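Asks: Handing you this structure, nothing more for now.
The values are calculated or read from the model by the stated rules, or taken from the named source; none is laboratory data. This is a predicted model, so every value here is computed, not measured. Counting neighbours? That spans all protein chains shown, and the Cβs are built from the backbone with ideal geometry, glycine included. Side chains included, ligands, DNA and RNA excluded: accessible areas come from the protein's heavy atoms. Shrake-Rupley method; radii C 1.70, N 1.55, O 1.52, S 1.80 Å.
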Amino acid sequence: MNYYNEIKQQLINNEVYKKVKDISKNRSDLTTYYNVGKLLSEAGKNYVEGIMKKYSIKLTEELGKGYNTSSLKRMRQFYIMVQKSATLSHQLVWSHYVELLSLKDLNKINYYIKITEDWNLSVRELRKRIKSNEYERLDDKAKAMLIKKEEPKAEDLIKNPILIKNMYDKDNITEKLLKRLILENIDDFLKQLGVGFTYASNEYPIKIGDRYYYIDILLYNIKDNRYVVLELKNTELKKEHFGQIKTYMNYIDKNVKTPNQNPTLGIILCKKDNEFIFEYVPNDNVIDREYELV
């Protein structure tokens with residue numbers, strides 16, 4: 001086989017296809033670059049670097065810019081990545097996959113492909129999520145479910161720690177200021193939590209007996225069909241925090257939740273976790289997460 005001529009023809013066909021059928025050009029890009037990567041791997045099993053350099057010079061002379069050594073190298077990496085069972089999704093464009101080529105963990109790659117599909121992420125948004133180590137901030141349970149292709153609940157995908165944008169002195173963050181930081185960047189914060197979270201209210205008033213109490217932030221999760229009570233603590237997690245949030249959750253369940261909605265979820269967002277608390281103070285439907293100011 002004349003590998004160079006075959007690669008050249010694949011790229012020419014792709015350029016023609018993109019001009020004639022613009023709507024489907026992304027599918028053509030991914031298919032073409034996969035095929036070119038395959039041909040490059042076969043052509044240069046023992047001296048692939050030299051082959052790519054030689055081909056890039058000829059392709060640039062005959063087809064113009066866009067086919068330098070780095071471009072051919074990315075196509076070969078793309079082919080190898082898909083061969084290792086990375087998802088080939090035509091909802092992603094070539095630039096999405098370029099962002100993923102530097103990742104080594106296949107499970108991580110497939111996670112970012114999935115959230116790009118689910119959230120219709122732009123290349124810039126995908127890059128931001130990779131940079132924030134979003135996959136690494138999932139717990140082991142969530143990672144295991146994703147690897148097995150099981151459908152996790154919304155709460156399983158809540159990151160730890162939660163990253164919160166901050167422009168103040170980190171050593172003087174009160175709970176009131178922490179809430180302000182969250183509300184000023186509520187869209188970003190909800191994305192940090194995961195899938196389906198929407199904002200309902202802050203300082204949500206509830207009356208127990210003759211006293212009023214205030215829920216820091218009340219959310220609703222559309223995917224799980226339930227309210228979410230979020231309490232903020234600028235201290236280490238303490239056992240009394242569970243009593244407080246369970247009281248608020250019970251109130252929502254008895255006075256706000258409708259029969260067709262699921263029981264309320266509680267999230268305690270704290271400065272520092274305490275791994276022993278859950279061992280001795282188990283609480284159904286309550287999870288804790290640390291926050292990190294960035």
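Asks: Classify segment 146-294 as rounded, prolate or oblate, taking a ≥ b ≥ c as the square roots of the eigenvalues of its Cα gyration tensor: rounded when a/c is under 1.5, otherwise prolate if a/b is larger than b/c and oblate if not.
Replies: Because its axes are fairly even, with a/c under 1.5, segment 146-294 counts as rounded.
Asks: Related question: Give me the percent of the accessible area of segment 1-134 that comes from carbon and sulfur atoms, probe 1.4 Å, all protein chains in place.
Replies: Working: 3620 of 7650 Å².
Of all accessible area on segment 1-134, carbon and sulfur atoms account for 47 percent.
Asks: With both bridge residues required to lie in segment 135-294, what share of the DSSP beta bridges run antiparallel, to the nearest 5%?
Replies: Among the beta bridges of segment 135-294, antiparallel pairing accounts for roughly 50 percent.
Asks: Something else now. Using the beta-carbon distance between K53 and D284 and R0 = 45 Å, what value does 1/(1 + (r/R0)^6) give for FRET efficiency, to the nearest 0.05?
Replies: Values: r = 61 Å, r/R0 = 1.36.
Computed FRET efficiency for K53 and D284 comes out at 0.15.
Asks: Right, next: Taking all protein chains together and a probe of 1.4 Å, list T198, T116 from the most accessible to the least accessible. Kindly include the intermediate steps, with their values, before the conclusion.
Replies: Numbers: T198 45, T116 5 Å².
From most exposed to least exposed: T198, T116.
Asks: I want the antiparallel fraction of DSSP beta bridges within the chain, as a percent rounded to 5.
Replies: 50
Asks: Looking at the chain as a GNM with Cα springs under 10 Å, which of I147, I245, I208 has the largest mean-square fluctuation?
Replies: Per the Cα network of the chain with a 10 Å cutoff, I208 tops the list.
Asks: State in Å² the accessible area per residue of the chain; use a 1.4 Å probe, count heavy atoms of protein chains only, and round to the nearest integer.
Replies: Numbers: 16150 Å² over 294 residues.
Counting only protein heavy atoms, the per-residue value for the chain is 55 Å².
Asks: Moving on. Using only DSSP helix segments of four residues or longer, with each worth -39500 (n - 2.57), what per-residue ellipticity at 222 nm results for the chain after dividing by its residue count and rounding to 500? Please list the in-between numbers first.
Replies: Numbers: 12 runs with 145 residues, N = 294.
Counting only the DSSP helices, I get -15500 deg cm²/dmol.
Asks: I've got another one for you. Quick check: the angle from helix 69-83's long axis to the longest principal axis of the chain, C-alpha only, nearest 10 degrees?
Replies: 60
Asks: Across all directions of projection, what mean area in square nanometres is found for the Cα convex hull of segment 211-294?
Replies: Numbers: hull surface 25.5 nm².
About 6.4 nm², averaged over all directions.
Asks: Hey, could you grab the Kirkwood Rh for segment 1-153? Inverse mean 1/r over distinct alpha carbon pairs, Å, one decimal.
Replies: When all Cα pairs of segment 1-153 are included, the Kirkwood radius is 16.7 Å.
Asks: Any idea how far the Cα center of segment 239-276 sits from the one of segment 70-128, in Å?
Replies: 37
Asks: Shifting gears a bit: Between S132 and N262, what's the calculated FRET efficiency when r is the beta-carbon distance and R0 is 41 Å? Round to 0.05.
Replies: Computed FRET efficiency for S132 and N262: 0.90.
Asks: Further question on the same structure: Using only protein heavy atoms and a 1.4 Å probe, report how much of L63 is accessible, in Å² to the nearest 10.
Replies: 60
Asks: Using a 1.4 angstrom probe with every protein chain in place, what is the largest-first accessible-area order of K272, K108?
Replies: K272, K108
Asks: Starting from the alpha-carbon convex hull of the chain, give the projected area averaged over all orientations, in nm².
Replies: Working: hull surface 81.2 nm².
Averaged projected area of the chain's Cα convex hull equals 20.3 nm².
Asks: Another question, if that's okay. With all protein chains present and a 1.4 Å probe, how do V228, V195 order by accessible area, largest first?
Replies: So, going from the largest accessible area down, we get V195, V228.
Asks: Compute the acute angle (0 to 90°) between the alpha-carbon long axis of helix 3-20 and the principal axis of greatest extent of the alpha-carbon atoms of the chain; round to the nearest 10°.
Replies: 60
Asks: Report, in degrees rounded to the nearest 10, the 0 to 90 angle that the Cα long axis of helix 48-63 makes with the longest principal axis of the chain.
Replies: Tilt of helix 48-63: around 70 degrees.
Asks: Once the convex hull of the alpha carbons of segment 77-187 is built, what does its volume come to per residue, in cubic angstrom?
Replies: Cα convex hull per residue, to the nearest whole number: 129 Å³.
Asks: May I pose another question? So, in nm, how far is label K148 from label E42 when the simple model puts each one 7 Å beyond its Cα toward the Cβ?
Replies: Taking the two extended label points, one gets 3.9 nm.
Asks: Shifting gears a bit: To the nearest 10 square angstrom, how much accessible area does M167 have with a 1.4 angstrom probe?
Replies: Ignoring ligands and nucleic acids, M167 comes out at about 120 Å².
Asks: Now for a different question. At a probe radius of 1.4 Å, what is the per-residue accessible area of D210, in Å² to the nearest 10?
Replies: 130
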